[in-house]
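The values are calculated or read from the model by the stated rules, or taken from the named source; none is laboratory data. Please read all numbers here as calculations on a predicted model, not as lab measurements. FYI the Cβ positions are ideal-geometry reconstructions off the backbone, even for glycines, and counts take in every protein chain you see. Calculation scope for accessible area: heavy atoms of the full protein, side chains included, ligands and nucleic acids excluded. Shrake-Rupley method; radii C 1.70, N 1.55, O 1.52, S 1.80 Å.
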Amino acid sequence: MASVDVPVALLGYGTVGAAVNRLLVEGADEIERATGHKLRVTRALVRDTGKERDYPVADGVLTTDFRSVLEDDSIALVAEVMGGVEPTGGYVLDLLRSGKPVVSANKQLLARRSADLFEAASEGGVQLRFEASVCAAIPVIKVLRESLVVTNVHRVLGIVNGTTNFILTRMEEGADYEEALAEAQRLGYAEADPTDDVSGADAAAKMAVLATVAFGSRVELADVAYEGIEGIKPHHVAAARELETVVRLVGSATLVDGAVDVRVGPAFVDGHHPLAAVVGAFNAVMLQGDAIREITLEGPGAGGIETASAVVADMVSVLGTTGTGFLQNDACWRSLSKLPPGDLPGAFYVHLEVADRPGVLAHVADCFAEQDVSIAQLAQHLVNGTAALDLVTHEAPGGRVEAALSSAAALAEVRSRPEALRMITERGF
Ligand code: NAP
Ligand code: HSE
């Protein structure tokens, strides 16, 4: 097979971009054996060409001029590993419209602009792939779009942010939150602005992308209710341990009677659940569907080389499928309604700080009873005249648990805002 030289460009040459170039150079023989193509980075867009790089490139490859990528007809394919929504979104739209296929690692862009992006890809007659935007090295988009093409996936449950999983597991070992976050940043797991990680925005964007592909109906970042791990304190980690669970930032996308619910938040995960065993910067995604029952994919969820593996795989897929009619077009073929946020049922862990007086427990229990929420477990800890109540509810719609917490918060004996976290106990297939 005659080898074809394929000049490619990168938008961004940071943690992921430099690792993509490294894999293209070091894996050149494997790529050539598999595809008959030699991929060569001829241009990489950066902000500062003078900066020291992890994996240096030849003189003249780095540029600050986007047009030198857009207008170079020899460039057959572009990997967007730059991040951000603008100017990145405008660049990707221009590239697609001009007929250049793009692969992207950018979940924030995909979760906000996928309709425009796929319209531009269709206009340009080219592919847009985005495997690396979700769970770094784990090939979940390809599995959903190709391997499970005839499976009706109705639930996706996952740990989809490496930084927060790293922080939570370090906290279980006794580390301090701030120290663990700084370590995650040093290791290249965190976003340029780590607020996206700890606030849950990164995981929310990934769940929007996963839900869109899994259900074939567009879910955008704005449709995802999310909460991060900023409020997780050592007492949550200790309570979770007592209940034989662990605290994890869990994303869920669920089809309930034809309506979609997508959310991200900290949850107490049963110690026997597959997600409880996911530690460090690893991610896992459980796919539940009619024919498959359940498939769990687990692997590195962050990091330069791990993400680059998915970027390079997408580049190879584009080259391997171009001209075959196997286009990775917009996954959306229907428009499902969104489930009202309070309707998704679940069991909840609830923490309340109350005065240690007779009758308090009965008043708190009344608040739950009025909302028809049943209590499954209750533990009380006494500290300096204040009682900390940790309770676990039976399954109930989240909105009714919230209403019970609001009534409890109004009780004179309740000393701080009650908190509730979802419990992930059963596998649900
Ligand atoms: P990074 O290290 O901050 O690299 C960003 C690169 O883009 C840098 O080379 C930067 O140039 C360039 N850049 C940023 N804004 C630019 C602009 N306006 N014009 C020109 N160049 C610009 O980020 P990263 O960690 O590689 O992440 C890149 C993308 O991959 C993001 O979308 C991220 O969400 C995604 N991702 C990252 C990981 C991970 O573990 N790191 C995993 C999965 C997905 P300079 O170098 O000159 O500053
Ligand atoms: N900051 C992200 C994370 C990178 O920690 O999961 C992978 O998308």
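Taking the Cα centroid of the stretch 379-429 and of the stretch 112-141, what is the distance between the two, rounded to the nearest whole Å?
40
Please list, or write none, the lysines whose alpha carbon is within less than 24 Å of the alpha carbon of Lys100, excluding same-chain residues fewer than 8 places away.
The qualifying lysines are Lys38, Lys142.
Once Lys and Arg get +1 and Asp and Glu get -1 on their Cβ, which of Asn384, Ala409, Ala420 lies farthest toward the positive end of the dipole of the stretch 345-424?
Asn384
Take the alpha-carbon positions of the chain, form their convex hull, and give its projected area averaged over all directions (one quarter of the hull surface) in nm².
Computed as one quarter of the Cα hull surface, the answer is 21.9 nm².
Quote the relative contact order of the stretch 140-302 in percent (integer), defining contacts as alpha-carbon pairs under 8 Å separated by 6+ residues.
About 34 percent, as a whole number.
Percent relative contact order of the stretch 90-208, based on C-alpha pairs within less than 8 angstrom and at least six residues apart?
With pairs under 8 Å counted, the relative contact order is 24 percent.
I'd like the chymotrypsin sites (Phe, Trp or Tyr not before Pro) in the stretch 270-364 restricted to DSSP loop residues with at most 10 other Cβ atoms within 10 Å, sorted by number.
Loop-located and lightly packed - Trp333.
So, with a 1.4 angstrom probe, what is the percent of accessible area on the stretch 345-424 that is carbon and sulfur?
Within the stretch 345-424, the accessible surface is 50 percent carbon and sulfur.
So, with +1 on the Cβ of K and R and -1 on the Cβ of D and E, and no other charges, what is the size of the charge dipole of the chain about its Cα centre, to the nearest 20 debye?
The calculated dipole for the chain is roughly 660 debye.
Which GluC sites (Glu not before Pro) does the stretch 170-232 hold that lie in a coil by DSSP with at most 10 other beta carbons within 10 Å?
Those that pass, being in a loop and sparsely packed, are Glu173.
Nothing charged except the Cβ atoms of Lys and Arg (+1) and of Asp and Glu (-1): what's the magnitude of the dipole of the stretch 140-302 about its Cα centre? Round to the nearest 20 debye.
Roughly 500 debye, rounded to the nearest 20.
Just to be sure I understand: with springs between alpha-carbon atoms less than 10 Å apart, which residue in Val213, Val143, Val126 has the highest mean-square fluctuation in the Gaussian network model of the chain?
With Cα springs under 10 Å in the chain, the top fluctuation among Val213, Val143, Val126 is at Val143.
Counting residues in the stretch 345-424 as N, plug N into 2.2 N^0.38 Å and put the Cα Rg over that result.
0.99
Return the distance in nm (one decimal) between the two label points of a simple spin-label model at Glu402 and Ala34, each offset 7 Å from Cα along Cα→Cβ.
Those two pseudo-labels are separated by 4.4 nm.
Which residue, chosen from Ser104, Leu62, Leu77, occupies the Cα position most advanced towards the positive end of the dipole of the stretch 50-110, where the dipole is computed from +1 (Lys, Arg) and -1 (Asp, Glu) charges on Cβ about the Cα centre?
The one lying farthest along the dipole's positive direction is Ser104.
If you find the alpha carbon centre of the stretch 310-332 and of the stretch 170-249, how far apart are they in angstrom?
30
Given just the C-alpha atoms of the stretch 108-256, how large is their convex hull per residue in cubic angstrom?
Cα convex hull per residue, to the nearest whole number: 135 Å³.
Pick from Ala18, Ala76, Ala105: which residue has the top mean-square fluctuation in a GNM of the chain where Cα pairs under 10 Å get a spring?
Highest fluctuation of the listed residues: Ala76.
With a 1.4 Å probe and all protein chains left in place, how much accessible area per residue does the stretch 345-424 have, in Å²?
Normalised by residue count, the accessible surface of the stretch 345-424 is 48 Å².
Pick out, in residue order, every one of the GluC sites (Glu not before Pro) in the stretch 1-85 that is DSSP loop and has at most 11 other C-beta atoms within 10 Å; say none if there are none.
Here the GluC sites (Glu not before Pro) that fit, given the DSSP loop and packing criteria, are Glu52, Glu71.
Using only helices, what value at 222 nm comes out for the chain when you add -39,500 (n - 2.57) per DSSP H run of length 4 or more and divide by the total residues, to the nearest 500 deg cm²/dmol?
-10000 deg cm²/dmol
Using the Cα centre of the stretch 290-426 as the reference point, and only Cβ charges (+1 on K/R, -1 on D/E), how large is the resulting charge dipole? Debye, rounded to the nearest 20.
Once rounded to the nearest 20, the dipole reads 200 debye.
Considering only Arg417, Arg357, Arg263, give the residue with the highest GNM mean-square fluctuation for the chain, with springs between Cα atoms whenever their separation is below 10 Å.
Arg357
Give me the accessible area of Thr307, 1.4 Å probe, in Å² rounded to the nearest 10.
10
Would you mind calculating the relative contact order of the chain from Cα pairs under 8 angstrom and at least 6 residues apart, reporting the percent as a whole number?
So the answer I get is 16 percent.
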